[in-house]
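Chemist: Please read through the structure below; I'll follow up with questions.
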Amino acid sequence: MPKKGRMGGTDEDNADVARVLAGDLEAFAGIVRRWQSRLLNLAWRFCRDRAMAEDMAQEAFLKAYRSLSSFRGEAAFSSWLTSVALNSYRSRLRAEGPPLLGIDLVQALAVAPAALEGLHDTERTEAVRRAVLLLPPRYRDAIVVFYFQERDLAESARILGIAEGTLKARLHRGRELLRRRCAMLMMGSGRPLEQGT
Amino acid sequence: MPDELERLLASNDPLEPSSGFAAGVMAAVRRQAAEPPPLPFPWLRFLVGVGACLLLAGAGAALWLSSGDALLNLVAPLAPVEAAGPELGYAALALAASALLARLPRALVR
């Protein structure tokens, strides 16, 4: 499972990388099998569309394959692979613009706030996740990666290639923007937003 | 009271890969591995070409500055043509330059 190797490179990963670099292409299948769920779910958080997420994850695996020789084993394989994937996703979103999210609940607030009162928790969560994607890229990336990494600040900063302090500042600013944009959405839940720690 | 936004952001909604996803990725990887490596950019030739262009431009400028009236005398035969129509003068000059440039490669390989 990807979780197993999240914080450090496993022996299996290092062995498969060595085999691929030695010319055994089929060893890459092991890397794909172990990390497909992780890369797919990161892509999913960036686009909220299954087909697009699978396409983005496939592209990320191809980029990882092409640049496998740049993996020196100094960082954990999971960090290296996630960074490659993240850069790939960011490039794609930069080139194509934010994903088309259908009817955006956050934008719908401006038109008919009352319509959101009966939203279920899952719908509210989805609306917040989509609102994250509409944030400026630096805040979007910080929030997506931080929560994807289960709030591991150091690892998130490493993957994003920024200092922990910078990440903290971006998270704070990003949450503030989100709170402002989703304030009415949260009021419908009966649980007002409070300042995070 | 727990932070509602924090709770929603931290909630997990995992997506399972479709059954053929890993096979599709491997097929794409195999396709890419089968492709010939991209041709490297010919930096050496590019730099030689740029160097030659700069050399010719410098030589041309030096010739222009040092020749004085001699260069004007060189294009003097075109004066009657230019008198008939300025655009004919430019066309004749372009033709002459083209003819010279066309001969240049042959002269260089000799």
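Every number here is computed from the coordinates shown, using simple stated rules; none is lab data. Everything quoted here is computed from the prediction, not taken from an experiment. Positions of Cβ are generated from backbone atoms using ideal geometry, with glycine treated the same way; all protein chains shown enter the neighbour counts.
Chemist: Out of B:Leu63, B:Gly20, B:Val48, whose Cα points farthest toward the positive end of the dipole of region B:2-65 (charges: +1 Lys, Arg; -1 Asp, Glu; placed on Cβ)?
Modeler: Towards the positive end, the residue furthest out is B:Leu63.
Chemist: So how strong a dipole does chain B carry about its Cα centre when Lys and Arg Cβ are +1 and Asp and Glu Cβ are -1, to the nearest 20 debye?
Modeler: Rounded to the nearest 20 debye, it is 1000 debye.
Chemist: Between B:Phe46 and B:Leu93, how high is the FRET efficiency from 1/(1 + (r/R0)^6) when r is the Cβ-Cβ distance and R₀ = 35 Å? Nearest 0.05.
Modeler: So, using R0 = 35 Å, E works out to roughly 0.70.
Chemist: Right, something else. So how do A:His172, A:His120 line up by other beta-carbon neighbours within 10 Å, fewest first?
Modeler: Ranked by crowding around the Cβ, least crowded first: A:His120, A:His172.
Chemist: Provide a whole-number value for the mean count of partner chain Cβ atoms within 10 Å of the Cβ atoms in peptide A:28-37.
Modeler: Mean inter-chain Cβ contacts per residue within 10 Å come to 4.
Chemist: When 1/r is averaged over all different Cα pairs and the result inverted, which Kirkwood radius in Å belongs to region B:8-81?
Modeler: Roughly 19.8 Å, rounded to one decimal.
Chemist: At a 10 Å Cβ-Cβ cut-off, how would you order A:Glu54, A:Glu96, B:Glu35, fewest neighbours first?
Modeler: Taking fewest neighbouring Cβ atoms as first place, the list is B:Glu35, A:Glu96, A:Glu54.
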